[in-house]
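Report on one structure; see the data block that follows.
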Amino acid sequence: MTYTNIDLGAVQETLLIPLWARAVEFGQPDPILSDPKSAEILTAIDYDFDKFADAKLSQIGCCLRGRLLDSWTSSYLAQSPHSTIVELGAGLNTRFERLDNGKLCWFDLDLPDVMQLRQQFFNQSDRRQFISASVLATEWIDRVKATNSSSYFFIAEGVLMYLLEDQIKHLFNLLLTHFPGSYLAFDSMSPRMVKIKSGTMQSSHYRRNLPGEFAILSKFQIGTIATKFIKFAALQIYPSSYRPNTIAAFR
């Protein structure tokens, strides 16, 4: 068997954590998230996944997060089946395989080195396209808007915690400017959890129960003051001229 080598930047390499988590979960008798594609990919990658073996809390958390975001996306597609879905920082996510309804238009967006790896395991089609770009850039916007869709749903899973505050504001402004009324589903971390995972709270009970991969990969950049630990949200974004300084929750 020919294995795929990994040559990614520090932040990009973190995409292997949720891939591993979903693959492990697929082997469980009653999985939180059933993802045979991730299990297939895992066996084809030349990487020491054994170092994640003790990260049970992280493994479960990744799968719960994925299931929640799947649920939100599915609910949205039930209302708007012909929508355009954009996975920001797609990594090796398999959400299209899990949720495709045969009608939607889907974009997987990530940095060039990630998309090069992604193309070894996934195929593009007339309804599913890859974009090699930073989420903070602007060149991907016209390509997405070219679908002339009446509704857009953006997903940022495991992305915002690697961005600085100004970068997050920039991303939100891009969506506000170019896709007013669109939805954004995302997760973020509180300042407390950032400290735990970055190792600045070494004596914490939570630190003792968190995996060591965070020390060898990338440190989180920002915490969102929202909940004690991790916040999940699906928001509809409006320009200030429509509803000043507000973002309406999607249910």
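Annotations
- Residue check: residue 99 meets all listed conditions (1) under 17 Å from the mean Cα position of the chain (by Cα); (2) exposed (fewer than 13 other Cβ atoms within 10 Å of the Cβ); (3) among the aliphatic types (A, V, I, L, M); (4) farther than 21 Å from residue 12 by Cβ but one, namely (2).
- Of all residues in segment 49-58, those that are among the hydrophobic types (A, V, I, L, M, F, W, C), assigned to a helix (DSSP H, G or I) and closer than 22 Å to residue 189 by Cα total 2.
- Annotation: of all residues in segment 58-81 being touching a strand residue (DSSP E or B) at 6+ places or on another chain (Cβ under 9 Å) and closer than 28 Å to residue 116 by Cα, the one that is surrounded by the fewest Cβ atoms within 10 Å (Cβ to Cβ) is 68.
- Residue in segment 147-161 that is part of a helix (DSSP H, G or I) and under 29 Å from residue 21 (Cα atoms) present: yes
- Check on residue 55, over 19 Å from residue 110 (Cβ atoms), in contact (Cβ under 8 Å) with a residue 40 or more places away in the chain and buried (at least 21 other Cβ atoms within 10 Å of the Cβ): yes
- When residue 149 is tested against (1) surrounded by fewer than 20 Cβ atoms within 10 Å (Cβ to Cβ); (2) under 22 Å from residue 162 (Cβ atoms); (3) in contact with a Ser or Thr (Cβ under 9 Å, 6 or more places away or on another chain), exactly one condition is not met: (2).
- Condition met for residue 114 (closer than 22 Å to residue 186 by Cβ, touching a residue at least 60 places away in the same chain (Cβ under 8 Å) and not in a strand (DSSP E or B)): yes
The numbers here are math on the coordinates, done by the rules we state, and not lab data. Since the model is a prediction, treat every value here as computed from it, not as a measurement. Using ideal geometry, Cβ is built from the backbone for each residue, glycine included, and neighbour counts are taken over all protein chains shown.
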